[in-house]
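Trainee: The structure's right below; bear with me while I get my questions together.
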Amino acid sequence: MRLYKHINENFEMESDLAGAVEVIKRDCKPFLKEFNNSLPVFRGMSRDLSRYDLVEIQTRMDRKPKDTPEHLHKLIDQMFQQKFGWKVRSQGVFTSQSKAVVRSYGMEAYFFPIGKYSYVWSKKVKDLYQTIKSDIINKVLDDNMLLTRDIEPEHITPEFKDMLEDIISTYTDKRYPSKMKRTHECIFRTKSYYVIYLDNPLQEGLFLNELGLQQ
């Protein structure tokens, strides 16, 4: 078991966690290089994770929407594909630098894309689902009672599409600013990724310090 220095004192990092650190350093070099000295990235997991277990997950290429209607989901994907060349909603991994945000989707886990990756994000959109509700349904359709999940094909008017295209146009695949508000969603394109769940603040501190990430 290795020793790590943290807050001017020596503490032991648990062996399972130390092993996970070594694997992440080996397999996630591009991510660690880009996000060095930045806030970590989290993903909300619907499945239960055991503490300190580093789990590898293959990214689905045909993700089905939980709340967004299928016809709207496909329309959004078409717009993203036209802009970025891939179906962001179907093939992306949704993340945030906020534990509170991802907690609404499940257990909050640290996220590490394996090998090469890219991502898209918007400084104007924290959550696309909610933005469609606030910026299109409420304003364009003028229906405060209608929810995004209840949108029917007849609701997709030319004005609706124009507004949706305007929202998609705010997304970029440029580097995520280190000083960006941590509540914005960031959607990764990666073949596979690691997630790990930590519930001990001391061990989290050692873990993040060793990987060059902020708390």
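The values are calculated or read from the model by the stated rules, or taken from the named source; none is laboratory data. Owing to the predicted nature of the structure, the values given are computational and were not obtained by experimental measurement. All Cβ positions, glycine included, derive from the backbone under ideal geometry; neighbour counts span all protein chains shown.
Trainee: I'd like the full set of residues that are free of Cβ contacts under 8 Å to residues at least 60 places away in the same chain, among the acidic types (Asp, Glu) and assigned to a helix (DSSP H, G or I), limited to the stretch 10-47.
Mentor: Those that are free of Cβ contacts under 8 Å to residues at least 60 places away in the same chain, among the acidic types (Asp, Glu) and assigned to a helix (DSSP H, G or I): 16, 22.
Trainee: Then there's this: Checking residue 76 against (1) within 17 Å of the chain's Cα centre (by Cα); (2) buried (at least 18 other Cβ atoms within 10 Å of the Cβ); (3) not hydroxyl-bearing (Ser, Thr, Tyr): exactly one of these is not met. Which one?
Mentor: Of everything listed in (1) within 17 Å of the chain's Cα centre (by Cα); (2) buried (at least 18 other Cβ atoms within 10 Å of the Cβ); (3) not hydroxyl-bearing (Ser, Thr, Tyr), residue 76 misses just condition (1).
Trainee: Here's something else I'd like to know. Quick one: which residue in 85, 115, 106 is touching a Gly at 6+ places or on another chain (Cβ under 6 Å) and surrounded by fewer than 19 Cβ atoms within 10 Å (Cβ to Cβ)?
Mentor: The match here is 106.
Trainee: Check 70, 14, 9, 108 and return the single one that is at pLDDT 90 or above, out of contact with any strand residue (DSSP E or B) (no Cβ under 8 Å at 6 or more places or on another chain) and of a type in the set (Asp, Glu). Even if it seems obvious, please write down each step before you answer.
Mentor: Values: 14 fails: at pLDDT 90 or above; 9 fails: at pLDDT 90 or above; 108 fails: out of contact with any strand residue (DSSP E or B) (no Cβ under 8 Å at 6 or more places or on another chain).
The unique qualifying residue is 70.
The rows are residues; the columns are (1) in a loop (DSSP other than H, G, I, E, B); (2) among the basic types (Lys, Arg); (3) modelled with pLDDT of 90 or more; (4) in contact with a strand residue (DSSP E or B) (Cβ under 7 Å, 6 or more places away or on another chain).
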| position | (1), (2), (3), (4) |
| --- | --- |
| 144 | yes, no, no, no |
| 163 | no, no, yes, no |
| 183 | yes, no, no, yes |
| 202 | no, no, no, yes |
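Trainee: Tell me which residues, restricted to the stretch 124-142, are farther than 15 Å from residue 153 by Cα and either in a helix (DSSP H, G or I) or under 14 Å from the mean Cα position of the chain (by Cα) (or both).
Mentor: 125, 126, 127, 128, 129, 130, 131, 133, 134, 135
Trainee: Considering the stretch 48-60 alone, what residues qualify as being under 16 Å from the mean Cα position of the chain (by Cα), assigned to a loop (DSSP other than H, G, I, E, B) and not polar (S, T, N, Q)?
Mentor: 60
Trainee: Which condition number does residue 159 fail, the rest of (1) exposed (fewer than 13 other Cβ atoms within 10 Å of the Cβ); (2) within 24 Å of residue 41 (Cα to Cα) being met?
Mentor: (2)
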